[in-house]
Each structure stands twice: as structure tokens, then as C-alpha cells.
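Enquirer: Attaching a single structure in C-alpha cells format; questions to follow.
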Amino acid sequence: MTTTVNGASGTEAGSAPAVRLVGVGKSFDGTPAVRDVTLDIRPNEFFSILGPSGCGKTTLMRMITGFETPTEGTVELGGVPVAGVPPHKRDLNMLFQSYALFPHLNVHDNIAFELKVRRSRPKAEIGAAVREALALVRLEGYGDRTVAQLSGGQRQRVAIARALIGRPSLLLLDEPLGALDQKLRAEMQVELKKIQREVGVTFVTVTHDQEEALTMSDRIAVMDGGRVLQVDTPEAIYERPATRFVADFIGTSTLLTGTLTAGRLDVPGLGPLDVPDGHGLPDRSEAHLAVRPENVRLAPAGTVPDGAEVTVAGTLQQVVYLGNATRYHLALTGGGELVAEARGADAGGLAPGAPVTAGWAVRHGRVLAE
């Protein structure tokens, strides 16, 4: 089996990346928006490009679709270079945050539009394809409804069905859940991943929502300042961030800054703290120690928390009940702040103003270069 882009024969499915970017950059009026991005996106993968506003993620996606031309570097789809190939001739589709549904068409005709106009399918095939697409997004029986009669989640499902009905090799999603309320967004995160697995199409989503990326993705590329800082699985991105930015942007981390001295991190005001081996940084170099709040344990001052190998003293400033967890904000005695988190309600009787000892196991720290 071969894939084609604008009639050009590609490599057998699975043998070439769905998307390959090599040294891709883009500048606007001499100002770089994307800088030297090289990465492969695998066939049938749910891949997220994650970063804050202005980091270059949308520009990177637009270069994959063909809406922007790289200033430098190459883009390949299915092993085929696509320089000069217009968006409508690339074997991909795009789902916008606004959904871009036609209000004057019913659900059936909105979904069928892709086959009638872009892919020129015979009329006899379209009805069956629309019914299959509606079943895929769990909207059987909704074909005659107008767009105005749908909820926000249903409109998104229609947009997904329209984007997938032609079975493109690649679907790009631009902040796909941004228009939904929090509860519906959480439900659709699971639903989108389920749909992606069922259809076997490569999904590439652009988002600034960390939870969204962690929930849906097989792998994540974290961007900042136009550069890709780390590409890895959600677990690795969270547990083993490669840079200070990734540790700070993904979830919540306490970052303690100091100098590596004889295998420990000497933090001003706190003294030397034990850190994990294997960080690869030389002695006397500046570094950060990142600690996730769920790995920090608290105990009343003068006692050591269970399982703690590294301890610091502080004063509890704030207790925040989050429903499934309780978050504690501490002011450290030697300066700085630290965040701890315990599952469930506050069962320790700790109140703001109380002196406490915070601690964690050495293995739960992550040493990052300055």
C-alpha cells in the first residue's frame, strides 16, 4: 500500500513518519516565530504541541497544513516533501476551535459537505458514509437537526465527523476543546482519544491546556520561544522534565535554586540538600531542584514526615481544598516557597500559621540546569 500527496507516491504506511519536520523555522518581518524544529510524528499517533500563547505552536501547525511556508527547513507528510503543495491537495484535514459549521445546513449536509465538494464522492456513497460518521461520534439519528438545535459538545462532534468522513491520513486540531465548559471538556478529552483509536488517523493537536495534552496524547512536544524543548510521553514529560520551563509549565513544581557541591545542592538559606545521582551536571554549577507537590509530605515542626529523606522547615501560609486533594502553600524558613499536596480532605489538622517540616524522598527530586 502506498500513500500519495498531490499524486506523488510515498512509502508504505507505517514505514515513514506521518509528519517529519527537519530544521523548520519561520520568521515574520525578520522576527523568528519558530526556530529550528526537528521532529517526527508517528503514524496513528495522538500528538500534542503544547505551550503558552505566542510560543510558535500555531505557526508550526500552519506550516504542516500549508497555510504558512517555512522560512527554512523541510516538511514531509508520509515520507513525501510537500514544499509548494497547497493545503487542499495535502492528505489532511483541520478542526478549528470555532468548528466552522454551516448554519444553513442540517447535520447530515454539514458532514456530507466534505465528500460532495472536496473529495467528489458519488452521491450513492455519501449517505452510507454520513451514517457511519454519525455512529462514530455517537450522534445516530441527529442527521436532520439544524446546527442551532445542537449543544456545544454535539456541534464539536459534528465537526469531528465532517473532518474524518474522508479518512484523511492526518487530522490537525487547533485548541479543539477551548469553547467547551470544564466538565464537557474533560468528557471530550476521553472521547477524542477513543475516536482517534477507532479510526486510526494521526491526530496532531495544538493546545495550551496541560491537562488536555496529558490526558489525550501518546506524545507531547513542549514549546517555548519558538523552540521545541522536549518531546516525550505524558508520563516522562511530567515525571522527568528536561528543562526548568517544562518543569514549571507542566503541572506545579517547587523549584529550589542553588550550587551543586559534592553531590548535593547548596540552596541559599536552606543549606545543602541531597539530590538524585545521574543528572550529568558538573560540580560547582548552578542548578534547580524540582519537586512535585504530591511528593512532598508535611509534619508538625520538630518531627520528620513519613518517608522523608530531605527536609526543610517552614510556616504554613495557606490551605486550599481542591476536592480530590488538599494543597498546602509554605513559606520556607530560609526563604522561598514550597507547595505540598495530599490526597482527599485535610486530615492532618494543619492550619495557616503553623510551623511545619516538609520532606520528600531523594528520588522524587529532579535536577535541572540553570
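Nothing in this text is a laboratory measurement; each read-out follows from the coordinates by a stated rule. Since this is a predicted model, take the numbers as computed values, not measurements. Cβ atoms come from the backbone with ideal geometry, glycine included; neighbour counts cover every protein chain shown.
Enquirer: About the Cα centre of region 88-158, how large is the charge dipole given +1 on each Lys and Arg Cβ and -1 on each Asp and Glu Cβ? Please answer in debye to the nearest 20.
Expert: About 200 debye.
Enquirer: Taking every pair of alpha-carbon atoms in region 252-369, give the share separated by more than 23 Å as a whole percent.
Expert: So the portion of pairs separated by more than 23 Å is 26 percent.
Enquirer: From the C-alpha coordinates alone, can you work out the Kirkwood hydrodynamic radius of region 135-225, in Å?
Expert: Result for region 135-225 stands at 14.0 Å.
Enquirer: Also: Can you tell me what share of the DSSP beta bridges in region 8-239 is antiparallel? A percent to the nearest 5 is fine.
Expert: The answer is about 55 percent antiparallel.
Enquirer: About the Cα centre of region 8-239, what is the dipole size in debye to 20, counting +1 per Lys and Arg Cβ and -1 per Asp and Glu Cβ, all else neutral?
Expert: Dipole of region 8-239, to the nearest 20 debye: 820 debye.
Enquirer: Ranked highest first by the average count of other Cβ atoms within 10 Å around their residues, in what order do 152-165, 96-109 fall?
Expert: Most protected by this proxy first, the peptides run 152-165, 96-109.
Enquirer: Per residue of the chain, what 222 nm ellipticity follows from adding -39500 (n - 2.57) for every DSSP H run with n ≥ 4, rounded to the nearest 500?
Expert: -6500 deg cm²/dmol
Enquirer: Region 71-150: percent of C-alpha pairs farther apart than 17 Å?
Expert: 59
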